[in-house]
Amino acid sequence: MILSDKRILEEMEKGTIKITPYKRECLGSNSYDVHLGQHLATYDQTELDAKKHNTISHFDIPEEGYVLQPDKFYLGVTQEYTETHAHVPFLEGKSSTGRLGIDIHATAGKGDVGFCGNWTLEISVKQPVRVYKGMPIGQLIYFPVEGEIEVKYNEKKNAKYSDQPNRPVESMMWKNSF
């Protein structure tokens, strides 16, 4: 089951869902549109290593936009800061974004109950495409949780992506033991 627009608004009133900034016109019948933030990043290394801390370089999208290239992988960020305290948030691309050949996440579309922060986007494109800060980039949908949550994501000691800033965050795989 996915929350409807009325249920999303009810949950926002209760404080279990927070979206900042919030614009009523971005609320769809069962989703909320999120927008591309001004910051992008690329990895500094050409070969990434899952056991090492791979660093990234941040840059801002200029007013005239920025052309993403198909042979590069980009990290972006949503303009919106979100908190989800009683539901599972999913970030999906919009059909308009997909029709431009833009993928906004490689694998990490699901958030956790208790996620608080801006969403880091894992962006790749099929052909060169110019993007702009503030453009609609995806949509959040919310699923109710069956049962009580023992430990929310923002309460876990090993939550690597809690309180994500309004800048892209690189992979923290290197913090895992394997």
- Identify, please: which residue in the stretch 128-148 is small (G, A, S) and within 17 Å of the chain's Cα centre (by Cα) and is, among those, surrounded by the fewest Cβ atoms within 10 Å (Cβ to Cβ)? G134
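Among the residues of the stretch 65-79, what is the count of those that are among the hydrophobic types (A, V, I, L, M, F, W, C) and touching a His at 6+ places or on another chain (Cβ under 7 Å)?
Qualifying residue count for the region: 1.
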- Selection count where residues are part of a loop (DSSP other than H, G, I, E, B) and either aromatic (F, W, Y) or surrounded by 11 or more Cβ atoms within 10 Å (Cβ to Cβ) (or both), scope the stretch 57-67: 2
- Task: Evaluate the stretch 32-46: report whether one residue or more is of a type in the set (D, E), within 26 Å of Y153 (Cα to Cα) and within 14 Å of the chain's Cα centre (by Cα).
- Result: yes
- Can you find a residue in the stretch 35-56 that is under 22 Å from G93 (Cβ atoms), hydroxyl-bearing (S, T, Y) and either touching a residue at least 24 places away in the same chain (Cβ under 8 Å) or part of a helix (DSSP H, G or I) (or both)? yes
- Wholly enclosed strands (runs of 3 or more DSSP E) of the stretch 77-178 bearing at least 1 residues hydroxyl-bearing (S, T, Y): 116-125, 136-144
- Query: Does V77 fit the bill of being out of contact with any Asp or Glu (no Cβ under 9 Å at 6 or more places or on another chain), within 26 Å of Y153 (Cα to Cα) and among the hydrophobic types (A, V, I, L, M, F, W, C)?
  - Reply: yes
- Task: Please indicate, with yes or no, whether at least one residue in the stretch 20-30 is within 17 Å of the chain's Cα centre (by Cα), in a loop (DSSP other than H, G, I, E, B) and within 19 Å of S124 (Cβ to Cβ).
- Result: no
- Note on the structure: The residue from V125, V113, V151 that alone is at pLDDT below 95, β-branched (V, I, T) and buried (at least 17 other Cβ atoms within 10 Å of the Cβ) is V113
- Checked pairs for the stretch 107-122, first touching a residue at least 40 places away in the same chain (Cβ under 8 Å) and over 18 Å from Q38 (Cβ atoms), second small (G, A, S) and surrounded by fewer than 19 Cβ atoms within 10 Å (Cβ to Cβ), C-beta under 9 Å and 6 or more apart or across chains, list as D112/A159; V113/A86; G114/A159; G114/S162; F115/A159; F115/S162; C116/S162
- Looking at this structure, is Q38 under 15 Å from N118 (Cα atoms) and polar (S, T, N, Q)? yes
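The values are calculated or read from the model by the stated rules, or taken from the named source; none is laboratory data. Computed from a prediction, not measured in an experiment: that's the story for all the values here. Virtual Cβ from ideal backbone geometry, glycine too; neighbours counted across all protein chains shown.
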